[in-house]
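I have placed the structure first, in the form of structure tokens, so that the comments after it can refer back to it.
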Amino acid sequence: MRNLNLPLAAAAVLALVLAGCGTTNERTSDNPQAASSKKCKGADGKYVIGMSQANVAEPYRQRMDDDIKAAAKDVPQFEVKFADAAQDNAKQVADVENYITQQVDLLIISPNEAKPLTAVVKKAYDKGIPVLVLDRKVEGDVYTGFIGGDNVEIGTQAGKYIAEKLLPNGGNVVELKGLAGATPQAERHEGFLAGIKENPKVKVIAAASGDWLREKGQAQMDALLKANPKIDVVYSHNDPMAEGAYLAAKAVGREKEMKFTGIDALPIPSGGIKAVEQGRLSATFTYPTNGKEAIAAAKKLLVDCGTIEKTQTLHTRLIDKSNATQIYAEENPNG
């Protein structure tokens, strides 16, 4: 009797072989450095890098793009293309899809939010494109490398500064949060709560989301001021929202009643270091843009045919009135 199962068995074997093979530039998730090794052509190659930015309306993100552009000038093999998602997840997914279609040699992305960008980052990586994730994470670890600050640690340092230096005897704090769904927002909140834990007299009486933007931070602070007659400190997840909060308080004559802290410390005239130096903010915490480090990692992967660490964590430092002038000068040696 003929074995009627043979055609089915043969089909199953063929399917397994095809699935196992894939194409020469796909299925790289199992080997974190496989994509980059295929893209590397050494010092004689030319490479197109696609940079997908979350929202250049945030000064920190514009500075990140500027730092990437400046660092790439020192690598003659690199051409960097930039796309701005304008805080729109669907636009950022489309931007990355476009880079995949263009078959860029490497993708750099600073995701607007983690979950909505996870699948398209994986898609790029599985197509054989090395992926560097900056500042904000995606879910899982299907990418070549992550470069960013430790946002829990930054939040913890901010909390300790407020609990120990600004409010040693306790007081009322309002928290201006970043965009919900962005990993730094959750981590800076988590760290802050840990930082103030040792001083139970410090109370977080209200919180609102300013989505990282000065204008929205100002509007949210205006509402918080109306609802809360006694505010001692504003803890803001970035400097622009802290500046917005200061402007809202100043508009109703209450800016001297409270202190303001931020995060980012951009060394530019409109940045957090100058805001501390000029007295609007009591403190800010440095949050490196990762731009220079991203280009160094791209060079190592594409030009040097090397490998990089899966995670590169950049550290923070406190900037207050005692060191703001000095640090600004150090960051701007040419004036």
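The values are calculated or read from the model by the stated rules, or taken from the named source; none is laboratory data. A quick note: this is a predicted structure, and the numbers were derived from the prediction, not measured. Neighbour counts are summed over all protein chains in view; Cβ atoms, including those assigned to glycine, are modelled from backbone coordinates with ideal geometry. What goes into the accessible areas is simple: the full protein's heavy atoms, side chains included, and nothing from ligands, DNA or RNA. Shrake-Rupley method; radii C 1.70, N 1.55, O 1.52, S 1.80 Å.
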| Contacts under 8 angstrom Cβ, first residue in segment 113-125 being under 12 Å from ALA90 (Cα atoms) and outside any helix (DSSP H, G or I), partner open to solvent by less than 70 Å² (accessible area, probe 1.4 Å) and at pLDDT 95 or above, 6 or more apart | GLU113/ASN89
| said: With the structure loaded, tell me whether GLY149 is open to solvent by less than 10 Å² (accessible area, probe 1.4 Å) and more than 25 Å from LYS310 (Cα to Cα) or whether it fails that test. | reply: no
| task | Output the residues belonging to segment 189-212 that are in contact with a strand residue (DSSP E or B) (Cβ under 8 Å, 6 or more places away or on another chain), open to solvent by less than 20 Å² (accessible area, probe 1.4 Å) and of a type outside the set (A, V, I, L, M). | result | PHE192, GLY210
| note | Those residues of segment 305-314 that are in contact with a helix residue (DSSP H, G or I) (Cβ under 8 Å, 6 or more places away or on another chain) and either without any contact (Cβ under 8 Å) to a residue 40 or more places away in the chain or under 14 Å from TYR287 (Cα atoms) (or both) come to a total of 3
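Output the residue which, of all residues in segment 136-172 that are among the aromatic types (Phe, Trp, Tyr) and not assigned by the TED database to the domain that holds LEU281, is farthest from ALA119 (Cα to Cα).
If we filter segment 136-172 for residues that are among the aromatic types (Phe, Trp, Tyr), which is where we start, we get 143, 146, 161.
Adding the requirement that they be not assigned by the TED database to the domain that holds LEU281 leaves 143, 146.
Values: TYR143: 11, PHE146: 16 Å.
The extreme case among them is PHE146.
Identify the residue in segment 68-93 that is assigned to a loop (DSSP other than H, G, I, E, B), among the aliphatic types (A, V, I, L, M) and within 19 Å of the chain's Cα centre (by Cα) and, among all such residues, is farthest from ASP44 (Cα to Cα).
Just the residues of segment 68-93 that are assigned to a loop (DSSP other than H, G, I, E, B), to begin with: 73-77, 85-88.
Subsequent filtering for residues that are among the aliphatic types (A, V, I, L, M) retains 75, 85-86.
Then keep just the ones that are within 19 Å of the chain's Cα centre (by Cα); that gives 85-86.
Numbers: ALA85: 33, ALA86: 35 Å.
The qualifying residue farthest from ASP44 (Cα to Cα) is ALA86.
Please find, among ALA219, ALA208, the residue that is closer than 26 Å to SER270 by Cβ, out of contact with any His (no Cβ under 9 Å at 6 or more places or on another chain) and in a strand (DSSP E or B).
Details: ALA219 fails: in a strand (DSSP E or B).
Answer to the selection: ALA208.
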| request: Collect the residues in segment 291-317 that are open to solvent by 80 Å² or more (accessible area, probe 1.4 Å) and assigned to a helix (DSSP H, G or I), keeping them in residue-number order. | output: LYS292, LYS300
| message | Condition check: assigned by the TED database to the domain that holds TRP212, open to solvent by less than 50 Å² (accessible area, probe 1.4 Å) and in contact with a Gly (Cβ under 7 Å, 6 or more places away or on another chain). Does GLU175 satisfy that? | response | no
| Failed condition for TYR143, given (1) assigned to a helix (DSSP H, G or I); (2) touching a Phe, Trp or Tyr at 6+ places or on another chain (Cβ under 9 Å) | (1)
